[in-house]
Every structure is written in structure tokens, then in C-alpha cells.
Amino acid sequence: MNIAADHHVEPELDAVVVGAGFAGLYALHKLRSQGRSVRVFEAAPDVGGTWYHNRYPGARCDVESVDYSYSFSTELEQQWNWTEKYATQPEILNYLNWVADKLDLRRDVTFNTRVVSAVLDETTLRWTVTTDTGEVVSARFCLMATGPLSAAMTPRFAGLDSFAGQIYHTAHWPHTPVDFTGKRVGVIGTGSSGIQSIPIIAEQATQLYVFQRTPNYSVPAGNKPLSADELAEIKANYAERRRLSWRSGGGSPHIAHPKMTMEVSPEERRAQFEKRWQLGGVLFSKTFPDQMIDPAANEEARAFYEEKIRAVIDDPEVAEMLIPSDHPIGTKRICTDTNYFQTFNRPNVKLVSVRETPIESVDPTGINTSGAHYVLDIIVLATGFDAMTGTLAKIDIVGRGGQQLREDWEHGPRTYLGLGVDGFPNLFLISGPGAPAVLANMVLHAEAHVNWIAAAMDYLDEHDYDAIEATPEAVDNWIAECAQRAESTLFTQANSWYMGANVPGKARVFMLFIGGFAVYNDICAEVADAGYKGFTVIKAS
Ligand code: FAD
Ligand code: NAP
């Protein structure tokens, strides 16, 4: 292939960005606005990242649409009209396509192209980036916008390949809608993806079996259309909404009750839980400030939750199976659903506990558990992701002394601020492990990271340096700080993907910064203001 003829290739780039989701698209726009030459490589045929790949029925955001959207441009905020409180996957994908067109981003994105390696030249301090199409470019900076939830996980069920019907993973959903009408369907997995898709599949399928290993907490979304008046009011007050989001713990404009759970009367406690319940979804984990720290406070929230859920499930035995008892509420991401629990009242839906009767094999006709054989036409795998590190581990990222990032991270990811890694100068992670990442509104989080990285690049140029690199001490201290903060909460009690617990053999460490979005941004700003404390700035030899 004549690469130079096919593309407007500048082999010596300022930056390569890997991934064209929310993070990669903003990185391209921002770095371009600094006058830098940038190429984005995207494995998929188009922009969107998460919202390109996860097209399963019922896929929506669980952060309100008006918050889960770029804040860097007033024009974008004012021109786009969200139609629902929680936008559907197609609407979010349309939004990202609209942004890509409006900002003329596509001309610097190479689609259908997977980055397979990024190798540091220790003399020039540049990165050689190689793709699966054979393209090789050299870049001063390498930004991994590869996404925390982009390596889908398919468990190795014996005989899965022999299944004669269709198998769909929620994260690799076909582009033409799947028709479940008249079909016997099995869904494996009851995380957010399973919980969003199950009610819709149940409406179509003749028979739906839900194979549940661990029940999850899920709070009704309270989704609704956004009226023209509501949208106008939000737009009129967008600046304040964003200000609150940037100063919040989770990147959206909702603040926990100012008092601790047990400080208030039982009536007030209940009223506050009810208020949060009405707000909908994942926000229920933040009703009171101590809910994720104090076991007694958490138990109050859990009991309120249990009462709500039991009230909508007809069969008490099914309710018992659906109520989690193995982890404090909120220590796994609370799912955000529409009619999930009510779905189990339908005559065509059966809940199967694969904790009690594990899946032993799949054969051409269906799934065999230790208890029964289930005849199926379609299997839906809603089995999640090798989160935070899985996608990066698929790329050969080679730093100083031939050091491989994936080997360096064998016992858990090692980053400073979730942004930089010692031994890997000018390699930046966006929403990497060690940042709040998925604990915050990920759109603002991506903006925060890209803005910080762009400012660091300007700093290097202004001071005539070539590269910036986290020190090993800063990385060690940051890992210790993240671990210590996590240990002071209830989060480490859950077998969550935050802990790497969903991937057999993966190191068990809490992979996120739990201290809150605003606190984290303050720390990043302090580091920058102190001349990039914990980083060394370097001239190439
Ligand atoms: P992604 O959107 O994951 O994009 C990464 C891109 O990198 C992908 O397109 C991928 O193809 C590409 N890529 C990866 N490796 C390579 C490679 N080697 N070479 C080339 N390209 C590569 N977060 C929220 O805050 N709120 C929500 O409501 C929410 N809902 C979610 C719903 C679902 C179904 C899922 C799975 C996640 C959700 N998340 C949510 C988290 C979501 O991942 C982030 O909000 C956000 O979309 C991540 O954007 P990103 O650009 O960082 O990564
Ligand atoms: P997940 O939360 O990891 O859920 C995976 C499910 O598959 C779990 O129920 C898990 O059971 C089950 N599973 C995995 N391996 C299994 C096996 N071998 N046998 C039986 N069951 C198995 O994944 P997800 O639902 O895709 O969600 C991941 C994250 O993406 C969410 O937490 C959220 O951050 C994001 N997301 C958000 C939304 C949204 O509402 N906007 C929607 C989808 C995803 P165990 O629990 O027992 O491991």
C-alpha cells in the first residue's frame, strides 16, 4: 500500500491519539487548536468509541444527557438538543458524529486501523507507533484514549463455539437490530448492560432465561422526555450546572445531603433516600456523604433499597434471588434501569441462578447448567469487560530499557495521577487507572485529562524541554495514596471490576482514585502549578 499517497501522512507528528471516542475526539480538537500535528487511529470504522460498539437494545447513558456531553464549547452546548433525560445509544452516537463533523475532526482520524505497538526511542524520546495495516508513524507524544471499558470479555464456556443459534456480545452488537420475536433467548450477565437490555428483549422473546451469577443493585432511571421548556431552562443555566459538576465528587451537578446518615432523624433520612431515588439510578450511592464509608450508613441505604425492590416483584422467591447480599450497596456501580425488576413478573421470563447451578457447557441447542438444559435460539453475552487495563494490555507499549507496560502492570496498574507512567516519557493515558475515571462523569473527566495534558505540552515548549516523565517515587506514592483512600471506604469489599475481580487471574487492586472528581482535579492543578511536581522534564540527548 502506498501510504503516503493514500493519506496526507506527516510521518513526524507532534502527537498520535489512539481511539476516537469522547476522549480521543476532544484530544484531537484540543491539540489541533494548539497548532500541533495530530493523527488519530481508531480500530472501528467510525467515531463514537463506547457508543459505536455498545448497540444493544436499551443502551443509554446513566449520567443525565445534558451533563454527559462536552462542556468545552458553549456553542455545542447550546446547539445540540437532547431529547431525553438519559439519551439512547443512537442519540449519543449521533451527537458524537455531529461534533466530529462540526469540528472537522474526521480528516485526521484513520479508521479501521488498530494500533499494535508504541515503542520509545530513548535517544530522540519519540514514539514509533505501528498499526495493523502496516502504517508506521513517529510522534513526540502518544495519547492512549483507548477507553476503560473497551475490551469486551467473553467467558470461556465449554462448547460455546458449537452453539447452532446466534451469539451476541452486548459490546459488539450488530448494526442491524436483532429481532427476538418468536425466539428462545438466554442472557448471561446481570450488570448494567444485561439490566438495560433484559426488559426490552423480554418484550419480544417467546421465552427469556436470565442467567444470573451475582445479583446487582439497580435503581430506576426515571427516564423521561426533555420538554422544550426544560431544555431551555437547562441551556439558560448551563454555566452554573457545569460549575457545580466540575466542583462535585462525580462530575454531575448533584451534591450529597450536607449531614451524615445517622445525624438526621429516621424521617429525614427516609425523605432524603426517597429524593435520591426519584433523581434516579447511580446517584443513589451518594445520598449522604458517609454512605460509602460507614457500614451502618450503607446498611440504611441498602434496607431502603430492598424495600423498594421487593415491592415491585410478585414472587418472593424471585425477589430473594434478585436482592444482593454479597456487597455493600454502591461498591459496584449501581445499575440504572427501566422496569428491570418488573420484567421478572412476566410469564415468559425465568431467572436462573448460575451461582447455585453453574453453567457447565454450551452445546448446539443451548446452555447446560448443573441443574438443567435450556434450549435456546439466541445467546446474549452481557459479561462485561477487562476494564481499565485490558485494552492497553493488547498493545505492545515499550518504554525505557525495552520495558513492556503490560509486564510492568502485572501486579496492578502503576501510574501517577492516572496520567503518566515512569519509564514511558510523553506517553499519556486518558481516563487511565489511578484516576477517578469511571467514578466520574466520563465526558468531563476526558476533558480534564486532555486539558491537563495539553497544558503540560505547552509547558515543555515554553521551557524548551522535549519530554515529561513521571518519577518512580511519584508513581509509588500515588499507588499507595489510591490504595489507602480505597481502604478507608467500603469499595474494597466487593468483587467488582473496579478491583479486577471479574477477570480470572487479574491482579486484585482497586484501580481508581476514590477521592472525588473535584479533589482529583485540584491535585492535578497543584502538580502543574508546582512545575509538574512528581514528573521530570527532560531534553532529548
Ligand atoms: P471509548 O469510548 O471506549 O473509546 C475508545 C476507542 O479506542 C474505541 O473506539 C476503540 O475502538 C478504540 N481503540 C481501543 N484500542 C485501540 C487500538 N489499539 N487501536 C485503535 N483504536 C483502539 N460513562 C459515564 O460517565 N456515563 C455513562 O452513562 C456511561 N455509560 C456507559 C454505557 C456503556 C454501555 C459502557 C460500556 C460504558 C459507559 N460509560 C459511561 C463509560 C464510557 O466508556 C465512557 O463514558 C466514555 O464513553 C469513554 O470514552 P473514551 O473515549 O475514553 O473511550
Ligand atoms: P459487568 O458489570 O461486569 O457485568 C457482567 C455480568 O456478567 C455480571 O453479572 C457477571 O457476573 C456476569 N458474568 C461474567 N462472567 C460470567 C460467567 N462466566 N458466568 C456467569 N456470569 C458471568 O459488565 P457490564 O454490564 O457490561 O457493565 C460494565 C460497566 O459498563 C458498568 O459497570 C458501567 O460502568 C458501564 N455501563 C454503563 C451502562 C449505563 O447504564 N449507562 C450500561 C452498560 C455498561 P458476576 O457479577 O458474578 O461477575
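Provide a single number: the residues in segment 167-187 that are away from ligand 1 (no atom under 16 Å from the Cβ), touching a helix residue (DSSP H, G or I) at 6+ places or on another chain (Cβ under 8 Å) and open to solvent by less than 60 Å² (accessible area, probe 1.4 Å).
2
Out of curiosity, is residue 421 surrounded by fewer than 23 Cβ atoms within 10 Å (Cβ to Cβ), of a type in the set (Val, Ile, Thr) and more than 15 Å from ligand 2 (Cβ to nearest atom)? Talk me through it step by step, then tell me what you get.
Working: surrounded by fewer than 23 Cβ atoms within 10 Å (Cβ to Cβ): no; of a type in the set (Val, Ile, Thr): yes; more than 15 Å from ligand 2 (Cβ to nearest atom): yes.
Against the criterion (surrounded by fewer than 23 Cβ atoms within 10 Å (Cβ to Cβ), of a type in the set (Val, Ile, Thr) and more than 15 Å from ligand 2 (Cβ to nearest atom)), residue 421 does not qualify.
So which residues in segment 170-193 are within 18 Å of residue 338 (Cβ to Cβ), within 9 Å of ligand 2 (Cβ to nearest atom) and either touching a Phe, Trp or Tyr at 6+ places or on another chain (Cβ under 9 Å) or of a type in the set (Asp, Glu) (or both), if there are any at all?
The answer is 170, 189, 190, 191, 193.
More than 16 Å from ligand 2 (Cβ to nearest atom) and over 27 Å from residue 30 (Cα atoms): is that true of residue 134 in this structure?
Numbers: more than 16 Å from ligand 2 (Cβ to nearest atom): yes; over 27 Å from residue 30 (Cα atoms): yes.
So residue 134 fits the description; yes.
For segment 35-54, name all the residues that are more than 16 Å from residue 113 (Cβ to Cβ), open to solvent by 50 Å² or more (accessible area, probe 1.4 Å) and more than 8 Å from ligand 1 (Cβ to nearest atom). I'd like the intermediate steps shown before the answer.
Start the filter on segment 35-54 by keeping residues that are more than 16 Å from residue 113 (Cβ to Cβ), which leaves 35-37, 50-51, 54.
Next, from what is left, pick out any that are open to solvent by 50 Å² or more (accessible area, probe 1.4 Å): 35, 50.
Of everything in segment 35-54, just one residue is more than 16 Å from residue 113 (Cβ to Cβ), open to solvent by 50 Å² or more (accessible area, probe 1.4 Å) and more than 8 Å from ligand 1 (Cβ to nearest atom), namely 35.
If residue 406 passes every condition in (1) on the phi < 0 side of the Ramachandran plot; (2) more than 22 Å from the chain's Cα centre (by Cα); (3) free of Cβ contacts under 8 Å to residues at least 60 places away in the same chain but one, which one does it miss?
Here residue 406 clears every test but (2).
Counting just the residues of segment 208-241 that are of a type in the set (Gly, Ala, Ser), touching a residue at least 12 places away in the same chain (Cβ under 8 Å) and assigned to a loop (DSSP other than H, G, I, E, B), which one comes out surrounded by the most Cβ atoms within 10 Å (Cβ to Cβ)?
221
Could you tell me which residue of segment 389-406 is most open to solvent (accessible area, probe 1.4 Å), considering only residues that are touching a Gly at 6+ places or on another chain (Cβ under 6 Å) and outside any helix (DSSP H, G or I)?
Among them, the one singled out is 403.
Out of 432, 412, report the one residue that is out of contact with any Phe, Trp or Tyr (no Cβ under 7 Å at 6 or more places or on another chain), open to solvent by less than 20 Å² (accessible area, probe 1.4 Å) and within 16 Å of ligand 1 (Cβ to nearest atom). Full working, then the answer.
Working: 412 fails: within 16 Å of ligand 1 (Cβ to nearest atom).
On inspection, the qualifying residue turns out to be 432.
The values are calculated or read from the model by the stated rules, or taken from the named source; none is laboratory data. None of the values given here were measured: they were computed from a predicted structure. Positions of Cβ are generated from backbone atoms using ideal geometry, with glycine treated the same way; all protein chains shown enter the neighbour counts. With ligands, DNA and RNA removed, areas are computed over all heavy atoms of the protein, side chains included. Shrake-Rupley method; radii C 1.70, N 1.55, O 1.52, S 1.80 Å.
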